[in-house]
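Shown next, in structure tokens, is the structure this report addresses.
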Amino acid sequence: MSTLAIRITEPRSTLSVTAVLLDGKAPDNVEFLWTYLAEPRIVPGIHAIWTGPEISCPIPPDHLVGSEWANPLPAENATLTPQPGDIVLSYVPARVWGGSPDPIFDIGLFYGQGARLLFPIGWLPGSVVAQVRPEEREQFAAACGVIRRNGACDVTFTRTEV
């Protein structure tokens, strides 16, 4: 029996890890992510300012236009303090952050200690939807550190199984 997972890659940093989906703990959020990744997606990534050791990958609104499944997400397997290796899906309704007319769906790649989901709009629980395999977390942290130093990048997310 195989387990659903996602592959996360970024060539300049040599980021290349597999994160196992936590569909039993965050079913609606995992279903959103799995549906979104019906085709491989390239999402802009940048080191977060407010949340600490995180590469933030906000899903471009044009990726979601006309998608019946891109609905508000409940907090599931929620956290305010993500741990190293956590992949967190955060949802912010339209007009809440900076008046954006589009809802915000952000895939957060948390790679170090001391992370917190404190934003300019306040504390925002995120849903831990996946975790990088333990044996890959050291490489994950090193690659995310390279992204932090290099600046903006394009992160590729694809479906896989383990």
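Numerical summary
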quantity: Positions within region 98-114 being small (Gly, Ala, Ser), open to solvent by less than 40 Å² (accessible area, probe 1.4 Å) and at pLDDT 95 or above, in sequence order; calculated: GLY108, GLY112
quantity: Residue list for region 120-148, filter: polar (S, T, N, Q) and either within 22 Å of ALA78 (Cα to Cα) or assigned to a strand (DSSP E or B) (or both); calculated: SER127, GLN131
quantity: LEU73 being more than 24 Å from LEU118 (Cα to Cα), of a type in the set (A, V, I, L, M, F, W, C) and surrounded by 17 or more Cβ atoms within 10 Å (Cβ to Cβ); calculated: no
quantity: Residues of region 43-59 satisfying the condition of being assigned to a loop (DSSP other than H, G, I, E, B), in contact (Cβ under 8 Å) with a residue 24 or more places away in the chain and out of contact with any helix residue (DSSP H, G or I) (no Cβ under 9 Å at 6 or more places or on another chain); calculated: ALA48, TRP50, THR51, GLY52
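Yes or no, residue by residue, for (1) over 16 Å from GLY151 (Cα atoms); (2) out of contact with any helix residue (DSSP H, G or I) (no Cβ under 6 Å at 6 or more places or on another chain); (3) of a type in the set (Ser, Thr, Tyr); (4) open to solvent by 60 Å² or more (accessible area, probe 1.4 Å):
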site: ARG7; (1), (2), (3), (4): yes, yes, no, yes
site: GLU10; (1), (2), (3), (4): no, yes, no, no
site: VAL17; (1), (2), (3), (4): yes, no, no, no
site: LEU21; (1), (2), (3), (4): yes, no, no, no
site: LYS25; (1), (2), (3), (4): yes, yes, no, yes
site: GLU31; (1), (2), (3), (4): yes, yes, no, yes
site: TYR36; (1), (2), (3), (4): yes, yes, yes, no
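The values are calculated or read from the model by the stated rules, or taken from the named source; none is laboratory data. Quick caveat: nothing in here was measured; it's all calculated off a predicted structure. Heads up, the Cβs are rebuilt from the backbone with ideal geometry, glycines too, and the neighbour counts pull from every protein chain shown. All accessible areas refer to the heavy atoms of the entire protein, side chains included, with ligands and DNA or RNA removed. Shrake-Rupley method; radii C 1.70, N 1.55, O 1.52, S 1.80 Å.
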